[in-house]
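What follows is a short report on a single structure.
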Amino acid sequence: MAALLLSPFSLLLLARVSASIVALLVLTWAVHFQTSFIPHSPSQDDLIYAVLHPLLMVIGFILVSGEAILVHRWLPGSRNLKKSVHLGLQGVALGCGVFGIWTKFHSREGIVANFYSLHSWMGLVCISLFGAQWMVGFLSFWHRGELRTTRIQVLPWHVFLGLYTYGLAVVTAETGLLEKLTFLQTNGALLKRCTESMVVNGLGLGLALLGGIVIFAAISPKHQISHSKIVYSNKKWSSS
């Protein structure tokens, strides 16, 4: 039973289900509760930019980058295929992240007004680390003439920083949800016990669950390989 729960198929299924729930919740929040994003602005452009920010950062950045991690770890096929798909998905996530931050800066509040909070600082650090990681991966993929020993030495740091950046993105999103919910409730624009609060809290729980599953799937061994080795070793032991 434990082997079944920890199988690659089960991990991927849990990750996809969690990602679908997160996408559904953030879409529900953006579509059905639009007035909460810009409560005091009649401008349609400000509303569009405000709604695009959580959609791009959650679906475009966190979900796509998480899928890139899963693809690189569990996608069947050649090593070059895994690297190319991983690099492509990470490039899409980076583009969504940069555009998502741009939508926040493009609002009528301006750039300076978005540098006051922990959420904004963490977001800038996260996107900077992610961009540096993607550039290292891009150069490594297209310039394969470097020494193998150098690539082996850099790989653990690349993996660590990749998972750290993904975890940082999830935490940054959590701080953004908390900041938005606290702001609305403090100003009296939102009740503490209402449907929107439940949606936002559910989104936060879904992101925490998804982040844990993706990171666990990335660091866990490939069980089908280890299982075959155990079976083979048991047969060898019984025959001897």
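Listed conditions (1) farther than 16 Å from LYS83 by Cα; (2) at pLDDT below 70; (3) not hydroxyl-bearing (Ser, Thr, Tyr) are all met by HIS143, apart from (1).
Taking the numbered list (1) more than 17 Å from HIS86 (Cα to Cα); (2) modelled with pLDDT of 90 or more in turn, TYR166 passes all entries but (1). Taken as a whole, the condition of being modelled with pLDDT of 95 or more and of a type in the set (A, V, I, L, M) does not apply to VAL154. Looking at region 1-120, the helices (runs of 4 or more DSSP H) lying wholly inside it that each contain 2 or more residues that are modelled with pLDDT of 85 or more and more than 29 Å from ALA189 (Cα to Cα) sit at 8-32, 64-74, 79-105.
Here is a yes/no grid of residues against (1) modelled with pLDDT under 80; (2) part of a helix (DSSP H, G or I):
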{"position": "ALA173", "(1), (2)": "no, yes"}
{"position": "GLY188", "(1), (2)": "yes, no"}
{"position": "VAL200", "(1), (2)": "no, yes"}
{"position": "GLY211", "(1), (2)": "no, yes"}
{"position": "ILE230", "(1), (2)": "yes, yes"}
{"position": "TRP237", "(1), (2)": "yes, yes"}
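Pairing residues of region 120-142 that are closer than 16 Å to GLY91 by Cβ with residues that are outside any helix (DSSP H, G or I), at Cβ distances under 8 Å and at least 6 apart in sequence or on separate chains, gives SER140/GLU146. One residue stands out in region 44-85 among those that are hydroxyl-bearing (Ser, Thr, Tyr) and under 27 Å from GLU174 (Cα atoms): the one that is surrounded by the most Cβ atoms within 10 Å (Cβ to Cβ), namely SER65.
What do you reckon, is GLY167 surrounded by 11 or more Cβ atoms within 10 Å (Cβ to Cβ), small (Gly, Ala, Ser), in contact with a Pro (Cβ under 9 Å, 6 or more places away or on another chain) and touching a residue at least 40 places away in the same chain (Cβ under 8 Å)? Spelling it out, it is not the case that GLY167 is surrounded by 11 or more Cβ atoms within 10 Å (Cβ to Cβ), small (Gly, Ala, Ser), in contact with a Pro (Cβ under 9 Å, 6 or more places away or on another chain) and touching a residue at least 40 places away in the same chain (Cβ under 8 Å).
Which one of GLY66, GLY95 is in contact (Cβ under 8 Å) with a residue 60 or more places away in the chain and of a type outside the set (A, V, I, L, M)? The conditions single out GLY66.
The values are calculated or read from the model by the stated rules, or taken from the named source; none is laboratory data. Source: prediction; values computed, not measured. A quick note on method: Cβ atoms are made from the backbone with ideal geometry, for glycine too, and the neighbour counts reach across all protein chains shown.
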